Amino acid sequence: VLKDLPCIKSNRYEPYLAVRYCRDLPPFQEGFTGYGKNKMTWAMQLRRTGYLFSQLGEAFLVHYPHLDSAARLEWNKKPEQLKKGVAVGELLEHSEQEIDLKAFKRARVDQLFMEFKKWMGEEVEDRARVPMCENSLNDDVRLWVNLNENGSGHANDHTSSSTSR
């Protein structure tokens, strides 16, 4: 039994997918390697190009936990200040010292993600048949980039100090 999803609640949606291959399937974005946003960006592109998403009912899948891969361990590295529970935006805005987030894999992937979203908005026709939910999450607030007023991030915004703002 398949149940169509009426909407998508988050761009962070990374479902387990079963698709029949056809040459019209969008390719994975090769810049997202190792760990971080590879399945997410593909699901976003599938949605934008008009694919429907259905949930398989009366079945379940179990993901067996395993040790973190080297790629995941690299992703998990963060500046000492973030280990204290400070949000990235707050850290960049109020830090007394320069913080080079580009030194961290997650920030580099988040910047690539912003570039992907810009590319997709400009180059991929929006034929989405599954909308974002009305109460969908603003996932961009979790990115390790500074967002300007229109929501786009810039690579040169990763390094911040309170004296330069």
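The values are calculated or read from the model by the stated rules, or taken from the named source; none is laboratory data. Because the structure is a prediction, the values reported are computed rather than measured. Heads up, the Cβs are rebuilt from the backbone with ideal geometry, glycines too, and the neighbour counts pull from every protein chain shown. Heavy atoms of the whole protein, side chains included, go into the accessibility calculation; ligands, DNA and RNA do not. Shrake-Rupley method; radii C 1.70, N 1.55, O 1.52, S 1.80 Å.
Please determine, in degrees from 0 to 90 and to the nearest 10, the orientation of helix 105-123 with respect to the longest principal axis defined by the Cα atoms of the chain, where the helix direction is its Cα long axis.
50 degrees
Have a look at Leu46, Tyr21, Val88 and report the one farthest towards the positive end of the charge dipole of segment 1-101, computed about the Cα centre with Cβ charges (Lys/Arg +1, Asp/Glu -1).
After comparing all options, I get Tyr21.
Would you kindly enumerate the cysteines in the chain that have no other Cys beta-carbon under 4.7 Å from their beta-carbon?
Those would be Cys22, since no other cysteine Cβ in the chain comes under 4.7 Å of theirs.
With unit charges on the beta carbons (Lys and Arg positive, Asp and Glu negative) and the dipole taken about the Cα centre of the chain, which residue among Tyr64, Ile8, Tyr35 sits farthest to the positive side?
Going by the Cα projections, it comes out as Tyr64.
Can you tell me the FRET efficiency between Lys39 and Lys83 if r is taken as the Cβ-Cβ distance and R0 is 22 Å, rounded to the nearest 0.05? Don't skip to the answer; put the middle values down first.
Numbers: r = 27 Å, r/R0 = 1.22.
Rounded to the nearest 0.05, the efficiency is 0.25.
For segment 4-88, compute Rg over Rh where Rg is the Cα radius of gyration and Rh is the Kirkwood radius from the inverse mean 1/r over Cα pairs.
Answer for segment 4-88: 1.03.
Calculate how steeply helix 38-48 sits against the longest principal axis of the alpha-carbon atoms of the chain, using the helix alpha-carbon long axis, and give the answer as 0 to 90 degrees to the nearest 10.
Roughly 60 degrees, rounded to the nearest 10.
Can I get the semi-axes of the chain's equivalent ellipsoid? Compute them from the C-alpha gyration tensor as square roots of 5 times the eigenvalues, in angstrom, largest first. List each step's numbers first, then the result.
Numbers: eigenvalues 204, 74, 45 Å².
Each semi-axis is the square root of five times an eigenvalue, giving 32, 19, 15 Å.
Top to bottom by accessible area (1.4 Å), largest first, where do Trp144, Trp119, Trp75 land?
Numbers: Trp144 10, Trp119 95, Trp75 30 Å².
Listed by decreasing accessible area, they come as Trp119, Trp75, Trp144.
So what does Tyr13 come to for accessible area, using a 1.4 Å probe and Å² rounded to 10?
Accessible surface of Tyr13 is approximately 80 Å².
What dipole magnitude, in Debye to the nearest 20, does segment 13-70 give about its Cα centre under +1 on Lys/Arg Cβ and -1 on Asp/Glu Cβ? Working shown, then result.
Numbers: 6 positive and 5 negative charges, 47 e Å.
My answer is approximately 220 debye.
Please go through segment 9-63 and write out the trypsin sites (Lys or Arg not before Pro) that DSSP classes as loop and that have at most 12 other C-beta atoms within 10 Å. Don't skip to the end; give the middle numbers.
Values: sites: Lys9, Arg12, Arg20, Arg23, Lys37, Lys39, Arg47, Arg48; in loops: Lys9, Arg12, Arg20, Arg23, Lys37.
Here the trypsin sites (Lys or Arg not before Pro) that fit, given the DSSP loop and packing criteria, are Arg20, Arg23.
Pick out, from Asn76, Cys133, Leu143, the residue whose Cα sits farthest towards the positive end of the charge dipole of segment 24-154, with +1 on the Cβ of Lys and Arg and -1 on the Cβ of Asp and Glu.
Asn76
Compute the length gained on full extension between Arg129 and Glu14: take 0.36 nm times their separation in residues and subtract their Cα-Cα distance, giving the result in nm to one decimal.
Residue separation times 0.36 nm, minus the Cα-Cα distance, leaves 39.6 nm.
In whole angstrom, how long is each semi-axis of the equivalent ellipsoid of segment 14-55, when you take the square root of 5 times every eigenvalue of its Cα gyration tensor and sort them from largest down?
Square roots of five times the eigenvalues give 17, 12, 10 Å.
Treat every Asp and Glu Cβ in the chain as -1 and every Lys and Arg Cβ as +1, leave all other atoms uncharged, and give the resulting dipole magnitude about the Cα centre to the nearest 20 debye. Before the final figure, lay out the partial values.
Details: 24 positive and 24 negative charges, 108 e Å.
It works out to roughly 520 debye.
First measure r as the distance between the Cβ atoms of Val1 and His63, then evaluate 1/(1 + (r/R0)^6) with R0 = 30 Å and state the FRET efficiency to the nearest 0.05.
So the FRET efficiency works out to roughly 0.85.
What accessible area per residue, rounded to a whole number of Å², is obtained for the chain using a probe radius of 1.4 Å? It would help to have the intermediate numbers written out before the result.
Numbers: 11550 Å² over 165 residues.
For the chain, the per-residue accessible area is 70 Å².
Return a single number: how many Lys pairs in segment 79-130, at a sequence separation of 8 or more or on separate chains, have alpha-carbon atoms below 27 angstrom apart. It would help to have the intermediate numbers written out before the result.
Working: Lys83/Lys102; Lys83/Lys105; Lys84/Lys102; Lys84/Lys105; Lys102/Lys117; Lys102/Lys118; Lys105/Lys117; Lys105/Lys118.
Total qualifying Lys-Lys pairs in segment 79-130 comes to 8.
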